[in-house]
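A short write-up of the structure that comes next.
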Amino acid sequence: MITIQEMTTKKEMKTFVKFPFKLYKNNKYWVPPIINDELESFDKNINPVFKHAEARFFIALKNNEIVGRAAAIINFTELNEQKLKKMRFGWFDFIDDFEVSKMLLKKIEEIGIQNNLEFMEGPVGFSNLDKVGVLTEGFDHIGTMITWYNHSYYKDHFIKHGFKVEKEYLENKFAFKNVIREPLERISTLLKKRYQLTSLNFTKTKDIMPYVDKMFELFNTSYAELPSFVPISDIEIAYFKKKYISFINPEFIKFVMDKDDNMIAFAITMPSFSTALQKAKGKLLPFGLFHLLKAKKESKDAIFYLIGVDPKYQSKGVHALIFLEYQKSFEKRGIVNCIRTPELASNTKIAAVWKNFEPVIHKRRCTFKKTI
C-alpha cells in the first residue's frame, strides 16, 4: 500500500531533501545539492519567494519506505497578475513504480482543484531562476548544480498518466577553442563606436555589487516575452545578491553599458561545480567546502548561467562584446569547455547568439502539462 505524507517539520524536510541521495546512489551523472542550502530554499522564513508563493512538500511511502517525493507550488504573481491558473510542481522524484508517481501527481492535482486552478505543469521551481524540466536525452552526461537529473523512466510515467509535453528545452556545449577572438574584436570595435558602448570587467566582488540591481532589472526586461516568465521581485533580488553573487568569480560576470550608464547587456557564468558537489556528498563540512573552493579556482569547464540583452539592442550583435571579454578571461584560466543551461527550444533569438561557436546539443528536457 502506498501512502502520501506531508512534510512540515525541519526533520521531515531534511528527509524530503535527502531522498534523491538514495535514489541516485552510485549514479556517476547525478549532482547532489548541498543539503543545508536546499533546506534554506524551502524555508519560508529565509527564502523571499514565499512572499508571493506557497509550497507544500510530500513524500510517498511504500511498506514504510520512502519511494517518492514532490513539491506542490502556487506562484501568486503568476496567478493574479498574469492570470495563469497554473499548479506548479517540482522536486519530483520517484522509483520506477507507476502507482507511486500516480499518487504523488494525484495529490498535486487535488491541491490545484482546491485552489480553482486549471492545469498543472512541471517539473518547475518557484520562478525562472530555479531548475526546470524532465531530462529526456543525455542521461550519460553529468548534471550541473542548476539542473535536475533524473532516471530515463520519468518521461514514461508522465505519458502514462495523461500528461503532454508543454515546453522543450535544449542544453548545448561547445569547445572554448571555437570562440575566436579576431571576429569578436572586429564586431565589438564597430558596435562600441556606433552605439557608444562600454564593457565592464571585474576582479573584485565588491565592485560588482552596485550593478546587481540593474542587472536583475534588465533580466526582467529581456526575459519578459518568454512563456511562463515570472518577474523577480526586489526582495528576491536582495536575497540572490547576498546568497549567490559573492560566490561567483568576479571575472565570470560581464556587463555592457551605454553612454548614459544604462546596462544594456549582462552575462553570468560560473565554473562547473559538478564534480566538487559529488565529492562533497551534500555537506560543506568537513571537506565539501574545500572541494568547492578548489573547483572555483581550477575548474576548466564554464557554465553559462544567464545572459540578457535589452530588447532595443537585440539582434544588433551586442553579445559579441560579452563574448570577447569572456574569451580574454577564459583564455587566461585555461577554460576547455563552455556549457549552457537549459534554453527553450523555441527561443530562436538565443540560438542565433551561439551558432558561430558550433554548439552541440547534448541534453534535452521538457515540462509536462495536464488539465485539471
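Shape class for segment 2-170: rounded, because the ratio a/c of the largest to smallest gyration tensor axis (alpha-carbon atoms, square roots of eigenvalues) is under 1.5.
Relative to the current alpha-carbon distance between Lys297 and Asn262, full extension at 0.36 nm per residue lengthens the span by 9.5 nm. Fully extending the segment from Ile361 to Lys85 would add 96.1 nm, taking 0.36 nm per residue of separation and subtracting the current Cα-Cα distance.
For segment 2-170, relative contact order (Cα pairs under 8 Å, six or more residues apart, normalised by length) works out to 21 percent.
Could you work out the relative contact order of segment 196-283? I mean the mean sequence separation of Cα pairs under 8 Å and 6+ apart, divided by the number of residues, in percent. That works out to 39 percent. Applying 1/(1 + (r/R0)^6) with R0 = 30 Å to the Cβ-Cβ distance of Lys177 and Leu284 gives a FRET efficiency near 0.30. Taking Cα atoms only, the orientation of helix 10-23 departs from the longest principal axis of the chain by about 80 degrees. The angle between the Cα long axis of helix 319-333 and the longest principal axis of the Cα atoms of the chain comes to about 90 degrees, rounded to the nearest 10. Note on Glu168 and Thr3: the extension gain reaches 56.2 nm, defined as 0.36 nm multiplied by sequence separation minus the Cα-Cα distance.
To the nearest ten degrees, helix 205-223 and the longest principal axis of the Cα atoms of the chain are 70 degrees apart. When shorter helices are ignored and each DSSP H run of at least 4 residues is given -39500 (n - 2.57), the per-residue value for the chain at 222 nm works out to -10500 deg cm²/dmol. Each peptide in 251-260, 117-126, 290-299 receives the mean, over its residues, of other Cβ atoms within 10 Å, and ordering these scores from highest gives 117-126, 251-260, 290-299. In this label model, Asp97 and Ser246 are separated by 4.4 nm, measuring between points 7 Å along each Cα→Cβ vector.
Sequence-distant contacts, meaning Cα pairs under 8 Å at least 6 residues apart, place the relative contact order of segment 295-372 at 42 percent. Placing a label point 7 Å from the Cα of Glu110 along the Cα-to-Cβ direction, the residues of segment 45-80 whose backbone N falls under 13 Å of that point are 57-61. In this calculation the C-beta distance from Tyr195 to Lys349 is compared with R0 = 22 Å, giving a FRET efficiency of 0.75.
Readers should treat all values here as calculations from the given coordinates under stated rules, not as data from a laboratory. Being a predicted model, the structure only gives us computed values, none of them experimental. Positions of Cβ are generated from backbone atoms using ideal geometry, with glycine treated the same way; all protein chains shown enter the neighbour counts.
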